[in-house]
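Peer 1: The structure's right below; bear with me while I get my questions together.
The values are calculated or read from the model by the stated rules, or taken from the named source; none is laboratory data. Given the structure is predicted, the values throughout are model-derived calculations rather than measurements. Note: ideal-geometry Cβ built from the backbone for every residue, glycine included; neighbour counts use all protein chains shown.
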Amino acid sequence: MTPEFKLEAKKVNVYYGENHVLRDINMNIEKNSVTAFIGPSGCGKSTFLRCLNRMNDYIETFRMEGDVIIDGKDIYDRNVRVEELRKKVGMVFQKPNPFPKSIYENVVYGLKIQGITRKDELDHAAEESLKRAALWDEVKHDLKKPALALSGGQQQRLCIARTLAVQPTVILMDEPASALDPISTSKVEELIHELKSNFSILIVTHNMQQAARVSDKTAFFYLGELVEFDETRTVFTNPKHERTQNYITGRFG
Amino acid sequence: MNKTVLNRLRDVVFKYFGMACTLFGLLMLAIFIIDILIRGLGRVNWDFITGFPSYIPENSGILPAMVGTLWVLVLTAALAIPVGVAAGIYLEEYGKRNYFARLVELNIANLAGVPSIIYGLLGLEIFVRVLGMGSTLLAGACTLSLLVLPVIIVATREAIKAVPKTLREASYGLGASKWQTIWNQVLPAASGGIVTGVILALSRAVGETAPLIVVGALAFVPFVPSGPMDEFSVLPMQIFNWVSRPQEGFIINSAAAIIVLLLITFLMNGVALYLRNKWQKKVKW
């Protein structure tokens, strides 16, 4: 039996030391959809996103209660290898963070560390991923060029290509366009729209218009709580909670 | 006098005081180097570099001591670099931040300040006597490795600490294990700092005399050491031996040997500087 939802969070509570930063988060994410996380800084949306690929494991004071279930499996289970999880749940970060290597090496890094060495296989994956990330036409002639020589927007699409190369099914994006100019931002947004048919995308954003443009569902976080989670249209036109209304109309936050 | 004028005066006074201090330091160094060059430069020639020690100053050479120094350098590097870098990686990447870790950290910093003769005594007891190495190159290199380990560990940790978190996250995010992330991303990014620290540590080892005297390096070596289990001398030992002689000729010899030793250390520092600049240019965030 296939599970009903791609991803389920059940009563997730997160603590940093004594700080209780996420309270009883319940959320179900459908397959091949885009979900936007919005809310003021420090509301816990990035922390929640990072719970979904266990990126918080490296923070020593981090402690989590509750379950995160992806494809019917608890990702915090003892038997789960975190490296395997992260192949399935890719991540794109706020600041473009390509490796100080060539464009090609960046894209195939995730495959090389899995032990794939056949050149034709790597070449094929590099081309496919760069095409899907809408970067191929711009870089196909200089794949050997250092990735850090690309523009910020290109770097971010390279980071997306690098993530796609590992063939995840879920992609987490932590404010992926906040360090980019408007043109690069719209390219990334177009990309998200195209990727939706094959991936479940969760995106943290501070940009209300962006959330409205790219997402199917929107989650509003406030002070560690999930205040509202509904169809994006509903959240933006007819929110149930006053705090959501106040936030999206810019009255605070 | 109002406050602003007073503050400005202080500023000017301190500026010239600092300048005077800097000039004083540079002047002393210049006097030392010029003095050494005047005394010794005429003696530095091929015969001196390829010659063996002798009771006649004019016939003496530094070949055994120089080869000994190079042996010690290579052996110390081979022993201290893997251990020091591995310890640095462990402490920075794997070690938990708890009370014990802070204790270890503090003690490593302290070890870097322990007088080198203490390391000599430790080496004499452990390597020369208990492990039965005798007064060999290997025992000397082991002792100097202990001496420079703290410096290498601290340099490695600092270099690793400077690698941005975003680089690690990118690697982890693609499914890399901790070791893959360290090996493929962190170490290459930190290599400039690590190499610089290693070379500075080794140039310190090259100049050490006291611990090697204790371990039993010879003052008079009429042969070139050919393996780690040979007895040996090093340049600082040779210099120390010559300056304690009454004859003027040996004083000149020691000045000449100092020039050679200085050249070796300057060369090493130059390489460290070059590598650091090269790596810094390559890796930018």
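Peer 1: How many residues are more than 13 Å from the chain's Cα centre (by Cα), more than 10 Å from chain A (Cβ to nearest Cβ) and hydrophobic (A, V, I, L, M, F, W, C) if we restrict to the stretch B:183-208?
Peer 2: Looking only at that region, the number is 4.
Peer 1: Please determine whether any residue of the stretch A:132-149 is over 22 Å from the mean Cα position of the chain (by Cα), more than 24 Å from residue A:182 (Cβ to Cβ) and among the aliphatic types (A, V, I, L, M).
Peer 2: Yes, some residue in the stretch A:132-149 is over 22 Å from the mean Cα position of the chain (by Cα), more than 24 Å from residue A:182 (Cβ to Cβ) and among the aliphatic types (A, V, I, L, M).
Peer 1: Let me ask you something else. With (1) in contact with a Lys or Arg (Cβ under 6 Å, 6 or more places away or on another chain); (2) under 14 Å from residue A:225 (Cβ atoms); (3) touching a residue at least 60 places away in the same chain (Cβ under 8 Å) as the list, and residue A:53 as the residue in question, which single condition is left unmet?
Peer 2: Unmet for residue A:53, out of (1) in contact with a Lys or Arg (Cβ under 6 Å, 6 or more places away or on another chain); (2) under 14 Å from residue A:225 (Cβ atoms); (3) touching a residue at least 60 places away in the same chain (Cβ under 8 Å): (2).
Peer 1: Output the number of residues of the stretch A:1-55 satisfying the condition of being over 14 Å from the mean Cα position of the chain (by Cα), among the polar types (S, T, N, Q) and closer than 20 Å to residue A:89 by Cα.
Peer 2: Of the residues in the stretch A:1-55, 3 are over 14 Å from the mean Cα position of the chain (by Cα), among the polar types (S, T, N, Q) and closer than 20 Å to residue A:89 by Cα.
Peer 1: Another question about this same structure. What's the number of the only condition in (1) surrounded by fewer than 20 Cβ atoms within 10 Å (Cβ to Cβ); (2) under 18 Å from the mean Cα position of the chain (by Cα); (3) over 25 Å from residue B:161 (Cα atoms) that residue B:211 fails to meet?
Peer 2: Unmet for residue B:211, out of (1) surrounded by fewer than 20 Cβ atoms within 10 Å (Cβ to Cβ); (2) under 18 Å from the mean Cα position of the chain (by Cα); (3) over 25 Å from residue B:161 (Cα atoms): (1).
Peer 1: Considering only residues that are within 8 Å of another protein chain (Cβ to nearest Cβ) and in contact with a Phe, Trp or Tyr (Cβ under 7 Å, 6 or more places away or on another chain), look in the stretch A:98-116 and name the one that is farthest from residue A:152 (Cα to Cα).
Peer 2: Per the stated criteria, the residue is A:109.
Peer 1: If we keep just the residues of the stretch A:48-65 that are among the charged types (D, E, K, R) and either crowded, with 19+ Cβ neighbours inside 10 Å or within 12 Å of chain B (Cβ to nearest Cβ) (or both), which is nearest to residue A:173 (Cα to Cα)?
Peer 2: Per the criteria, the residue is A:50.
Peer 1: Here is a further query. Checking residue A:95 against (1) part of a helix (DSSP H, G or I); (2) at the interface with chain B (Cβ under 9 Å from one of its Cβ atoms): exactly one of these is not met. Which one?
Peer 2: Among (1) part of a helix (DSSP H, G or I); (2) at the interface with chain B (Cβ under 9 Å from one of its Cβ atoms), the lone unmet condition for residue A:95 is (1).
Peer 1: I want to confirm something. Restricting to the stretch B:115-133 and keeping residues that are outside any helix (DSSP H, G or I) and touching a helix residue (DSSP H, G or I) at 6+ places or on another chain (Cβ under 9 Å), which single residue is surrounded by the most Cβ atoms within 10 Å (Cβ to Cβ)? Spell out how you get there, then give the answer.
Peer 2: From the stretch B:115-133, those outside any helix (DSSP H, G or I) are B:115, B:131-133; that's our starting set.
If we keep only those that are touching a helix residue (DSSP H, G or I) at 6+ places or on another chain (Cβ under 9 Å) as well, we get B:115, B:131, B:133.
Details: B:115: 10, B:131: 13, B:133: 21.
Here the residue is B:133.
Peer 1: Scan the stretch A:132-147 for residues that are touching a residue at least 24 places away in the same chain (Cβ under 8 Å) and surrounded by 13 or more Cβ atoms within 10 Å (Cβ to Cβ) and report the count.
Peer 2: Looking only at that region, the number is 10.
Peer 1: Can you find a residue that is within 14 Å of another protein chain (Cβ to nearest Cβ), buried (at least 17 other Cβ atoms within 10 Å of the Cβ), assigned to a helix (DSSP H, G or I) and free of Cβ contacts under 8 Å to residues at least 40 places away in the same chain anywhere in the stretch B:175-182?
Peer 2: yes
Quick grid of which residues meet (1) at pLDDT below 95; (2) in a helix (DSSP H, G or I):
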| residue | (1), (2) |
| --- | --- |
| B:92 | yes, yes |
| B:97 | yes, no |
| B:105 | yes, yes |
| B:135 | yes, no |
| B:155 | yes, yes |
| B:163 | yes, no |
| B:171 | no, yes |
